[in-house]
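*Asks:* Questions regarding the structure given below will be posed in turn.
The values are calculated or read from the model by the stated rules, or taken from the named source; none is laboratory data. If you're wondering where the values come from, they're calculated on a predicted model, not measured in any experiment. Cβ placement follows ideal geometry from the backbone for every residue including glycine, while neighbour counts extend to all protein chains displayed.
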DNA sequence: TTCGTTTTTTGACATTTGTCAAAAACTATA
DNA sequence: TATAGTTTTTGACAAATGTCAAAAAACGAA
C-alpha cells in the first residue's frame, strides 16, 4: 500500500487526509499465476494497482488469443474501455505471475473524487501519462516495421522480454510468432 | 464559445461561475486554410477547441509527411505529448480548412484547475474519452488489415472521407496511397 | 473554357509479413 | 535423468502491402 501512495505522489502530492482515505478504500488482492482478473463479457468495475507481479490483457479473434498489453509493477490496470463506459469488456486480464494488487471500485473512486479534488487531479494526471504512453504505442503500431518495433521494445522495455513468453510478445508487437523469431535470429 | 460550453457540459455540468471563468480564459483564433497552428520543434503551450473547420497533425519521416490524426468540429486539439510534457513537438498541426478555434494556455488552464474542481473534473473526463478513442485506433492499427481499417473509417467517420484528400487519409490509416486507391476500387 | 497543377488511379514488380507443418530446444516433474 | 508437455525456431510457400513510374482524372485560376 505504501508503494501505491509513494508512486502516485510522483504525479501530484496528497494531503494526509486524502492518503488516509485512499488507504481505507483500496483493498488488497492476491492472485496466483494464470488466474483471471477479468474475463470478456464482464463489466470491469475496478481499477487495480499492481504492486508486484505481471499480467496481460488479451482478446479472442478467430480462435486466437491476441495479447495487446501487459501490466507490471506500479502499473494501474483495468479494462479501460469497460471501466470508463460500463460496457462489457471485450478483453480478458490474466495473471502471468502470482501478483499482489490493490483494487478500488469505480463507485468508491467516484466518491473520492467528490470528496477530494486532489485525488481527481491525480487521476487527471494519470490519464495524461497513460494517454501519451498509448500514443507512442499507436505510432509504433501504425508506422514502424516489425523489426523497428522489436528493437524499440528491447531498448525501452527490456524487462518485458525477460518475463513474458515470446508468443505473447509477438502479438503485443502485432506480428506473428514466426516473424518475431526470425527477427530475433538476426542479432 | 457557446458551442464549447455546450459541448463540454455533455461531459459534466458546470456552475455559472466556472462557465464565466472559461469564457474569460478562452481566446478566439481564426485561421485560414493551410496555416500552421504548430510546427515541429515548438513547445505546444495551448489547448484548442475547434469550433468549425478541420485540421491535421503530421510529422516528417524520410522526407514524407505522415498524417496521423485529424481534428474536426467539437474536437479538442493540441500536440498532446508536447502539451503534457513541455517538450518540443515532433508534429505539425496544419489547417485543412479555414477554421475558428478557441485557445487556452496550459498555465491558464492549470490556474482554472486550482480554482475550480469541476473544471479539472471535466478535463479528467475528457481524457477518459480521448483515451478510449485512441485505444480503438491502436487496436485497428495493430490488428486489422488495410481493408478493414478503411471499412471502419467508412462506417464510423465517413465525414473524414468527404473533407480530406485521399493521400492524407492513406497515411491516417497507415497504408500507402496506392493501396488505399486499390481498396476503394473494390466497392 | 482552357491551361497548368494537384490528386487519384493503374501497372509491374519488390519486399514484408503471414500461414502451416515439422523439427528443435527448453521446462517441469515424476 | 527420462519423459511429456510447452515454447521456439526453421523451411516452403502464399498473401498483403509497398515502391516507382506513368497515365488519367479532378480541380482552380485566368
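*Asks:* Scan the range B:12-28 and give yes if some residue there is in a strand (DSSP E or B) and modelled with pLDDT of 95 or more, otherwise no.
*Replies:* yes
*Asks:* Here's another thing I want to ask about it. Would you please name the residue that is surrounded by the fewest Cβ atoms within 10 Å (Cβ to Cβ), looking only at residues in the range B:29-46 that are modelled with pLDDT of 95 or more and outside any strand (DSSP E or B)?
*Replies:* Here the residue is B:41.
*Asks:* Under 7 Å between Cβ atoms, which residue pairs at least 6 apart in sequence (or on different chains) link something in the range B:169-187 that is on the phi > 0 side of the Ramachandran plot with a partner that is near DNA strand D (Cβ under 7 Å from one of its atoms)?
*Replies:* Pairs that qualify, where the first residue is on the phi > 0 side of the Ramachandran plot and the partner is near DNA strand D (Cβ under 7 Å from one of its atoms): there are none.
*Asks:* While we're here: Of all residues in the range B:143-187, count the ones that are more than 9 Å from DNA strand C (Cβ to nearest atom), crowded, with 16+ Cβ neighbours inside 10 Å and within 21 Å of residue B:73 (Cβ to Cβ).
*Replies:* Counting residues in the range B:143-187 that are more than 9 Å from DNA strand C (Cβ to nearest atom), crowded, with 16+ Cβ neighbours inside 10 Å and within 21 Å of residue B:73 (Cβ to Cβ) gives 3.
*Asks:* Would you confirm, using the coordinates I've provided, whether residue B:137 is part of a helix (DSSP H, G or I), within 11 Å of chain A (Cβ to nearest Cβ), buried (at least 16 other Cβ atoms within 10 Å of the Cβ) and within 11 Å of DNA strand D (Cβ to nearest atom)?
*Replies:* Taking the combined requirement at face value, the residue does not satisfy it.
*Asks:* Could you check how many residues of the range A:140-187 are part of a loop (DSSP other than H, G, I, E, B), more than 14 Å from chain B (Cβ to nearest Cβ) and within 12 Å of DNA strand D (Cβ to nearest atom)?
*Replies:* Final tally of qualifying residues: 5.
*Asks:* Check whether at least one residue in the range A:86-105 is in a helix (DSSP H, G or I) and out of contact with any strand residue (DSSP E or B) (no Cβ under 6 Å at 6 or more places or on another chain), and report yes or no.
*Replies:* no
*Asks:* Could you tell me which of the residues B:83, B:143 is modelled with pLDDT under 95 and in contact with a strand residue (DSSP E or B) (Cβ under 9 Å, 6 or more places away or on another chain)?
*Replies:* Going through B:83, B:143 in turn, just one is modelled with pLDDT under 95 and in contact with a strand residue (DSSP E or B) (Cβ under 9 Å, 6 or more places away or on another chain): B:143.
*Asks:* Which residues, counting only those in the range A:114-124, are more than 7 Å from chain B (Cβ to nearest Cβ) and over 16 Å from residue A:19 (Cβ atoms)?
*Replies:* Result: A:114, single match.
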